[in-house]
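Heads up: the structure comes next, in structure tokens.
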Amino acid sequence: MTLQLQETRLARDFKAAFGAHPAGVSIITADSPTGPVGITASSVASVSVDPPLLAFSLAAGSGSAAALAVADTVVVHLLRVGDLELAKCFASSTSERFTGSMVWTRLDTGEPLLAHSGHALRCKVLSRTPAGGSLLLAAEVLEIVVAETTGEAMVYHSRAFHRLGGHSILPG
């Protein structure tokens, strides 16, 4: 019983530690046999510049995450503050996505591309590694849709979305 209590305490402390560690906000989309899917993610990380590689994790084995887990290609949308409503929509499992009122299109290769203010990276999934209760995916960036506008970056911190901008620069 002590070991189980320690694991519970460790899991709680782990969540608190990473909850206090800001992370960039992205939406990952893909096409699936039933149509376009997507989720909001804060686990996207750059891995390599040459070749350009990134990684992200999926924590659920159902719904959109399950469809993303088996996709050959994905689009990682790096979000800005102006994309807050998109982030909220794709973070909720009950929200309707890719509706007629949502501005999106498909790339020439078929993947869904959201209209947003950040860059979008079309990627080929290279590997899928089970890691605890999650799945860690590594992907090669094949193409980047460069943002036409700029804005403040959005991060996720302490279970809330935040903005990063000139006001948040620490004196050097």
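Where a number appears in this text, it was derived from the coordinates with a stated rule and is not lab data. None of the values given here were measured: they were computed from a predicted structure. In this analysis, Cβ positions are derived from the backbone assuming ideal geometry, glycine residues included, and neighbour counts consider all displayed protein chains.
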- Message: Using Cβ contacts closer than 10 Å as the measure, can you line up Cys123, Cys89 from fewest to most?
- Response: Cys89, Cys123
- Task: Evaluate the relative contact order of region 70-172 (contact order divided by residue number), counting alpha-carbon pairs under 8 angstrom at least 6 apart; express in whole percent.
- Result: 29
- Task: Let me have the relative contact order for the chain, percent, based on Cα pairs under 8 Å that are six or more residues apart.
- Result: 25
- Item | Long-range amide H partners of Leu142 with built H, under 5 Å | Arg122, Cys123, Lys124
- Message: List the residues, sorted by chain then number, that are 5 or more residues from Leu107 or on another chain and whose placed amide H is less than 5 Å from its amide H.
- Response: Leu113
- Could you tell me whether region 48-134 comes out rounded, prolate or oblate from its Cα gyration tensor? Rule is a ≥ b ≥ c as square roots of the eigenvalues, rounded for a/c under 1.5, then prolate if a/b exceeds b/c, otherwise oblate. oblate
- Taking a ≥ b ≥ c as the square roots of the eigenvalues of the Cα gyration tensor of the chain, is the shape rounded (a/c under 1.5), prolate (a/b larger than b/c) or oblate? oblate
- Task: May I ask you to evaluate 6.51 cos²θ - 1.76 cosθ + 1.60, the Karplus curve with θ = phi - 60°, for each residue of region 61-74 and list the ³J(HN,Hα) values in order in whole Hz, giving x for glycine and proline?
- Result: x, 9, x, 4, 4, 5, 5, 5, 4, 10, 5, 7, 10, 9
- Note on the structure: The exposure ranking of Ile169, Ile28, fewest beta-carbon neighbours within 10 Å first, is Ile169, Ile28
